[in-house]
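Please treat every number below as a calculation from the coordinates, not as lab data. Source: prediction; values computed, not measured. For neighbour counting, all protein chains shown are included, and Cβ atoms are generated from backbone atoms with ideal geometry for every residue, glycine included.
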């Protein structure tokens, strides 16, 4: 989804006989998107990837990231979920047909020799803290604090946890792509895009290796376990445009204008009816009378979710790291009292946050209500 890569051994032409030095036939696996009309990658296995000793229903255990339990209809208001109080594992807090938003905390003890494959959507992680390696058939991919990590739908993966990590996860059920306005006609990232091809960390491929003997697969929020007859990581080479990547949020290049620009200038990734934005430290607006703080606004077509990471959140009070705010369509929102006026004359920001706008209403989960901070909506009342 970034560009085409080729690693390891591949034949001169797809769908042709490709043999090892001993004459054994390798097995091609096509990972396709939107049927056969979209992006794809082709992996070459030493053994047939579709052979399982057995397959059957399973309990998810540490892999559990289902959509959660829908909460009863709630009054329309601004809400704040305290992610720092979330239990270990994955805690779903918001959902609609396009995305499931979860906060996660995974200690080193959560590491498992098993693999996982999400058949419901692409997984976009953001790591508030931690460090590790993602193992996939495409190779090993290191990640760390402040990284986004993209795991495409259906890719078998396994985490190696170097230090416990936590953050926020967006399960994008309609897929993830880069905003189209960042690409030129041949698909290359434009020179005025907020990042370059060089900013994306790619898998390190070293050839076939042992893989998980048990793979948990999630589809339609139900789980099965499969026991492959050969390692899913027995890949000798691959090429294509579908592969996992990591992206350090601090490599995002923010734009500055004469006056405050709308949040779409922070666009980073797009999904079906969803846009992920990155707020990073930047120089503020240059007009002598500019008001750098976000202006009050009513986005009547979308819900807004912000995951606060670190820094001084100038537009909010009483909001700390790991909190998740929900500002739903239909209710105006903006800076807390005093923040709008207090931002005049500032020349830079140091806040770090991840935002998602969705064009379909987000529903709260029961798990989110258990973590909600009371009185957030009323916190805009002065005095």
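Structure remark: mean-square fluctuation, Gaussian network model of the chain, C-alpha springs under 10 Å; the largest value among 126, 205, 36 belongs to 36. Measuring nothing but how far apart in sequence close Cα pairs (under 8 Å, 6+ apart) lie, relative to its length, region 87-136 scores a relative contact order of 24 percent.
Taking the chain as a Gaussian network of alpha-carbon nodes connected by springs under 10 Å, the highest mean-square fluctuation of the residues 137, 107, 14 belongs to 14.
Put simply, the Cα atoms of region 255-380 extend 46, 32, 26 Å along their principal axes, the longest span coming first. Between the C-alpha center of region 1-39 and that of region 278-336 there is a gap of 45 Å. Among 16, 268, 32, the largest mean-square fluctuation in a Gaussian network model of the chain, built with springs joining Cα atoms closer than 10 Å, belongs to 16. Separation of region 258-277 from region 48-119 is 26 Å, based on Cα centroids.
Sorting the segments 358-369, 244-255 by their mean number of nearby beta carbons within 10 angstrom, highest to lowest, gives 358-369, 244-255.
The largest-to-smallest principal axis extents of the Cα set in region 247-291 are 38, 23, 10 Å.
Each label was represented as a point 7 Å from its Cα along the Cα-to-Cβ direction; for residue 301 and residue 51 these points are 5.3 nm apart.
Report for the chain the percent antiparallel among DSSP-assigned beta bridges with both residues inside it, nearest 5. Here the share of antiparallel DSSP bridges comes out near 95 percent. Per the Debye formula on identical point scatterers at the alpha carbon atoms of the chain, with no solvent, log10 I(q)/I(0) at q = 0.07, 0.10, 0.11 Å⁻¹ is -0.34, -0.67, -0.81.
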